[in-house]
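First comes the structure, then the notes that go with it.
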Amino acid sequence: MGRFIIRRLVGMVIVLFAVSVIVFAIFNVIPNGAPENRMAGKQSTPQQIEAIRREWGFDKPITTQYVKMMEKLATGDLVSYQQQRNVFDEIKQGLPHTLSLAIGAAILWMAAGVALGVYSATRAGGKTDFAINVLALIGISVPVFWLGALVNYYLGYKLGWFPNGGYVEVAEGGLWQWAYHLFMPWTVLALLFIGVYSRVLRGTILETQNEDFVRTARAKGLSEKQVMRRHVLRTSMIPIITLWGLDFGIVIGGGAILTEAVFDLQGVGQYYAESVSQLDVPPVMAITILGAVFIVVLNTIVDILYAALDPRIRLS
Amino acid sequence: MALAAPLYAEHVANTTPDKQNLTGTVVVDGEEVDIVTPDGIPVGPTWGSEYLLGADINGRDVAVRLLYAARNSMFIGLTGALITTLLAIVFGIVAGYYRGPVDWIISRAMDVLWAVPVLLLGVALGVALTLGGVRIGPLTLDAGSLWIPALIIGVVSVVYLARPLRGEILQLREQEFVEAARAQGASGPRIMFSELLPNVMSTVLVFFPLLFANAVLLEASLSFLGAGVQPPDASWGTMIDEGINVLITQPALTIAPGIMLVLCVLSLNVVGESVRKAIDPRARVMLEQ
């Protein structure tokens, strides 16, 4: 176990290093990408540009620039080129928004996915099977930004049931306003996953039901409900917990950009999109690394959980 | 319809996708109506021969733009999926066949791709490359070229197919027919591409429609964020992006391209599912992993 974690940590460092190099390279090899020109503005003298180059270290060799950026990233002193604000302060501001969206949606899709999955597994071949398949297909075929726009238009504007996007702090508007504003984003984001989750869960439940230990549980006189809850569901949860860890990492690590954009939630994703469009490397670098950390850490947790839940799996 | 749109776009359309008409009028229910009202609200669907689905804020015909957008989206989706497939076949087979250090390098590269959210990487690449174009050796792509998003989508999706292929090859390479080929003195590349490749083609076939669907969706997302197809070129993603700005006054501009997009991706996914059922009942769907 200890060795497994150490190996994973080393692998993680390598992956993060590679990610940082890729991001740095993307923005440093492009033509017309020189940040000093954009920072100095359109009407600037060569002297001004030169001064910026020296002040920000753009005149140094590219490897030095990279090392410098990584040092700043590690110490938290990274400053964006365009707004010239501390990147971590900006991320800290947006992170609660992104986390609220991602956690709420993740709980929703997991709960709904499990409920639907169990329901349809106990009534295999029924109408819910069909419904789940349709829902799963919709989930992988409908772009979240379009669905968000439609929901915004019909439920938000036409019917006026929900506010048209925006984010309200708990401290500012109370718990109710916070949840009320997030309700549409949560639902839209969760809708994309519910179908797939319930389909996977239904599949594993149907498989597990034929296992010997389930027959034993029934034979010793447990009710169907107890068998389902204590034995079948427990083993059947493994694949969707894995899925959950991965998807949650992806959503939190930047996959929520589209949802944030369409509901104007001012989260980290939107900050990322803005920074990219201004070719502002420091925030892009910080957010990509942060996203990668989330994904890699969650992947590792999932692997460990996997082994903890199912003793047949060894970490090797 | 969407798949065939590229073929008939020119014949059906009685105008061009970029033609703007801010001051003209169109006949709706026997009345002449401004295509774009003085305060900037475009006409809604007329269901007539001109402006069938209405106009956008620049007075361009939405129905015509949809068809041309279909062409762009299909091109990017198909090329992207083809690039993914080619790269994944090469990487997956090479990694699985040679194992050892080659496999280690390729697998770690895949880990890196896996760790970065596809959308983050796609947006970063999209913005960076569409700004300056690409100049790598003999390969030159203009800033607005459709090849750029196709290439980006093709590269960032490689993991989806390369990983399962590698796994399959790892098993296949131990089988007798590979040993027999080796005993006959067949070279590495020969074994890989004429012995192993045909054996994994069913997996490739199962994945292809799904990759295609995913590429179309990713293209729309990138274009929506301004990192894909560049205006004035049309794509369903850019059209939705433009439509959302006037969502309240003219929702048709958002709804129409979205419906096209959903129908297209949905049909590709349905095709993918049927192929999967037909060929390999046990193959796992990419998105269920």
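The values are calculated or read from the model by the stated rules, or taken from the named source; none is laboratory data. Not measured: the values here are computed from a predicted model. As a convention, Cβ positions derive from the backbone with ideal geometry for all residues, glycine included, and neighbour counts pool all protein chains shown. We work out accessible area using only protein heavy atoms, side chains counted, and drop any ligands, DNA or RNA first. Shrake-Rupley method; radii C 1.70, N 1.55, O 1.52, S 1.80 Å.
When Lys and Arg each count +1 and Asp and Glu each count -1, what net charge do the other residues less than 13 Å away from A:Gly269, Cβ to Cβ, add up to? Mind showing how you got there, number by number?
Values: positive: none; negative: A:Glu90, A:Glu260, A:Asp264, A:Glu274.
Spelling it out: positives minus negatives among the neighbours equals -4.
Applying 0.36 nm per residue to the separation of A:Tyr157 and A:Thr45 and subtracting their alpha-carbon distance, the gain on full extension is 35.4 nm.
The accessible surface of chain A, taken with every protein chain in place and a 1.4 Å probe, is 62 percent carbon and sulfur.
So between A:Phe17 and A:Gln226, what do we pick up on full extension, going 0.36 nm a residue minus the alpha carbon distance? Display every interim value, and only then the final one.
On the way: separation 209, 0.36 × 209 = 75.24 nm, distance 4.85 nm.
Gain in length upon complete extension: 70.4 nm.
Using the Cβ of B:Ser223 as centre and a radius below 11 Å, the other residues enclosed give a net charge of -4, where K and R count +1 and D and E count -1. Protein heavy-atom surface of the range B:186-289, 1.4 angstrom probe: 62% of the accessible area is carbon and sulfur, with nucleic acids and ligands not counted.
How far, in degrees from 0 to 90, does helix A:233-250 lean away from the longest principal axis of the Cα atoms of chain A, to the nearest 10? Tilt relative to chain A: about 10 degrees.
Against chain A, whose longest principal axis is taken from its Cα atoms, helix A:46-56 shows a tilt of about 50°.
With the charge dipole of chain A set up from +1 on Lys and Arg Cβ and -1 on Asp and Glu Cβ about the Cα centre, the Cα lying farthest toward the positive end among the listed residues A:Gly255, A:Ala292, A:Asn210 is that of A:Asn210.
Rolling a 1.4 angstrom probe over the protein heavy atoms, how many square angstrom per residue are accessible across chain A?
Working: 15700 Å² over 316 residues.
Ligands and nucleic acids excluded, the result is 50 Å² per residue.
Estimated at 0.36 nm per residue, the fully extended path between B:Val271 and B:Ala181 surpasses their Cα-Cα distance by 28.9 nm.
Over chain A, Cα pairs under 8 Å with separation of 6+ residues give a relative contact order of 26 percent. The label-point distance for A:Ile304 and B:Arg108, in a model that sets each label 7 Å from Cα toward Cβ, rounds to 2.4 nm. For B:Ser73, neighbours were defined as the other residues whose beta-carbon sits under 11 Å from its Cβ, and their charges (Lys and Arg +1, Asp and Glu -1) total -1.
Report summary: the helix-based calculation at 222 nm, which adds -39500 (n - 2.57) for every DSSP H run with n ≥ 4 and divides by the residues of chain A, gives -24500 deg cm²/dmol. For the chain pair B and A, the interface hides roughly 3800 square angstrom of accessible area in total, found with a 1.4 Å probe.
Only Cα pairs under 8 Å and 6+ residues apart enter the sum, and on that basis the relative contact order of the range B:163-283 stands at 24 percent.
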